[in-house]
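Presented below is the structure to which this report refers.
The values are calculated or read from the model by the stated rules, or taken from the named source; none is laboratory data. Since we're looking at a predicted model, the values are computed, not measured. Glycine also receives a Cβ, built like all others from the backbone with ideal geometry; neighbour counts cover every protein chain displayed. The accessibility values were calculated without ligands, DNA or RNA, using every heavy atom of the protein model including side chains. Shrake-Rupley method; radii C 1.70, N 1.55, O 1.52, S 1.80 Å.
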Amino acid sequence: MIRFEQVSKVYPDGTTAVDDLSFEVAEGELVTLVGPSGCGKTTTMMMVNRLVEPTSGRVLVAGEDVSAVDPVELRRRMGYVIQQVGLFPHRTVLDNTATVPALLGWKKARARARAAELLDLVGLDPATYGARYPAQLSGGQRQRVGVARALAADPPVLLMDEPFGAVDPVVREHLQNEFLRLQASMRRTVLLVTHDIEEAVRMGDRIAVYGQGRIEQFDTPAAVLGTPANSCVARFVGADRGLKRLSVTEIQPDDLEEPPVARLDETAAVAAARMRAEGARWAVVLNAAGELHGWVSSEALSLAGEQGTVGDLARRMDAWVPVGAPLKQAFSEMLQHDAGWVAVLEGHRFLGVLTPSKLHEALRRSVDADAHGVGRAEVGFDSVADV
Ligand code: ADP
Ligand code: MG
């Protein structure tokens, strides 16, 4: 959808901001450009909407060379969120949000209705906030308006330059999660610039790690964290990259172990005998529909003798996560509940349990899958092993 072909930018003062850059962002993909300040991220982004013209090379959007498109026309087709948000101070929140639809000549009522819809979408009640001016909002609220404004004309492409930069870490994480939720349903093509590696790996389907004016590595977050292409990338992603990978690797059904299972309505004696035969010390308790009810120890079952059912003796299972959740969430559940394993559910249905050794395997699996043939021996798990 967005394609850079050998693009360079040398500013008139001789600064080479971008040097022979080639990469592509697929339709519906969110790519983050990440790197230290001054490495050319903003310049790259501005060449997409022609706020900056390349010195050489081409930028294509939906197959069309942007240099052939009228810049004003081009910018109306793309949402653009900048760090300083850039709201018009003398316009209300509603009018700010309706800026592009108004420029596109939508009828006023339609533009305002759309703006209200968008404010609602980003978590701002239009009745409360629509009539306010930007100065009457918190930093986080202003950034929400910035995102709403960028989305107002329903553009297929979104350019976001440090969009959550001006707020504190808690609000930032909240806005990031909200945006990811939106993006999951919108599936826009998004180029997001950040200097924050945490933000880059959390948000990006793929991330482009910049050095000076060049991309050092362009791959999935798990691959960049698992197998940095060179020492420059390794330094930038940080010594705790193993830990960071926990947050970008999802639990898959293949990662799970099948523990001993007892049925809710079985008698304790039957379940106890079976567990003795299997040498199991505990079992997961499921109902007839295969849904998680809790867990039971073989000791409790044995003590019950001929009395009662598994259901009477089952205890609640607090440590569980949905399938597809990041490994970090499973790990955090284990720590929080002081559990040696967590149950993994699909809806209410029980799929299996994740143990620490399976968690480790899942991390390896993600590297093997992503690293295109890089051997395990080259992959360091040092920081995970430390915890
Ligand atoms: P980033 O967004 O990664 O911080 P920029 O793309 O803003 O980096 O800048 C890349 C390099 O180009 C920097 O060295 C910066 O000083 C330089 N630069 C940016 N804009 C201009 C400009 N208009 N004129 C001259 N140099 C510029
Ligand atoms: Mg910048």
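Among the numbered conditions (1) free of Cβ contacts under 8 Å to residues at least 12 places away in the same chain; (2) open to solvent by less than 60 Å² (accessible area, probe 1.4 Å), the only one that residue 233 does not meet is (1). Every condition in (1) in contact with a strand residue (DSSP E or B) (Cβ under 6 Å, 6 or more places away or on another chain); (2) among the hydrophobic types (A, V, I, L, M, F, W, C); (3) free of Cβ contacts under 8 Å to residues at least 24 places away in the same chain holds for residue 184 except the one numbered (1). Restricting to segment 296-332, name every residue that is open to solvent by 60 Å² or more (accessible area, probe 1.4 Å) and either farther than 30 Å from residue 276 by Cβ or in contact (Cβ under 8 Å) with a residue 40 or more places away in the chain (or both). Residues satisfying the conditions are 312, 328, 329.
Among 241, 235, which is over 20 Å from residue 315 (Cβ atoms), outside the structural domain of residue 320 (by TED's automatic domain parsing) and touching a Leu at 6+ places or on another chain (Cβ under 6 Å)?
241
Only residues that are out of contact with any Gly (no Cβ under 9 Å at 6 or more places or on another chain) and touching a residue at least 24 places away in the same chain (Cβ under 8 Å) were counted in segment 157-172, giving 3. Pick from segment 7-28 the residues that are open to solvent by 20 Å² or more (accessible area, probe 1.4 Å) and within 15 Å of residue 61 (Cα to Cα): which of them is nearest to ligand 1 (Cβ to nearest atom)? The selected residue is 22. Selection of segment 255-277 for residues being open to solvent by 80 Å² or more (accessible area, probe 1.4 Å) and at pLDDT below 90 yields an empty set.
If a residue has to be away from ligand 1 (no atom under 15 Å from the Cβ) and in a loop (DSSP other than H, G, I, E, B) to count, how many in segment 52-85 make the cut?
6
Among the residues of segment 163-202, those that are crowded, with 20+ Cβ neighbours inside 10 Å and either within 16 Å of ligand 2 (Cβ to nearest atom) or of a type in the set (Ser, Thr, Tyr) (or both) comprise 163, 164, 189, 191, 192, 193, 194, 197, 199, 200.
Within segment 1-31, the residues that satisfy the criterion of being touching a Ser or Thr at 6+ places or on another chain (Cβ under 6 Å) and within 16 Å of ligand 2 (Cβ to nearest atom) are 9, 17, 18. Within segment 33-46, residues that are in contact (Cβ under 8 Å) with a residue 60 or more places away in the chain have Cβ atoms under 8 Å from residues that are near ligand 1 (Cβ under 6 Å from one of its atoms) and aliphatic (A, V, I, L, M) in these pairs: 40/17, counting only partners at least 6 apart in sequence or on another chain. The requirement of being within 28 Å of residue 142 (Cβ to Cβ), away from ligand 2 (no atom under 16 Å from the Cβ), of a type in the set (A, V, I, L, M) and at pLDDT below 95 is satisfied by residue 111. With respect to (1) more than 30 Å from residue 59 (Cβ to Cβ); (2) open to solvent by less than 20 Å² (accessible area, probe 1.4 Å), the lone exception for residue 146 is condition (1). Of all residues being more than 24 Å from residue 54 (Cβ to Cβ) and open to solvent by less than 20 Å² (accessible area, probe 1.4 Å) in segment 207-230, which is nearest to the chain's Cα centre (by Cα)? Just the residue, please. My answer is 221. Is there a residue in segment 80-89 that is within 28 Å of residue 134 (Cβ to Cβ), more than 16 Å from ligand 2 (Cβ to nearest atom) and under 29 Å from the mean Cα position of the chain (by Cα)? Checked segment 80-89: at least one residue is within 28 Å of residue 134 (Cβ to Cβ), more than 16 Å from ligand 2 (Cβ to nearest atom) and under 29 Å from the mean Cα position of the chain (by Cα). Within the bounds of segment 208-217, is there any residue that is of a type outside the set (Asp, Glu), touching a residue at least 40 places away in the same chain (Cβ under 8 Å) and closer than 21 Å to residue 250 by Cβ? No; the residues of segment 208-217 include none that is of a type outside the set (Asp, Glu), touching a residue at least 40 places away in the same chain (Cβ under 8 Å) and closer than 21 Å to residue 250 by Cβ. Can you name the number of the only condition in (1) away from ligand 1 (no atom under 13 Å from the Cβ); (2) at pLDDT below 95; (3) surrounded by fewer than 16 Cβ atoms within 10 Å (Cβ to Cβ); (4) of a type outside the set (A, V, I, L, M, F, W, C) that residue 49 fails? For residue 49, the exception is condition (3).
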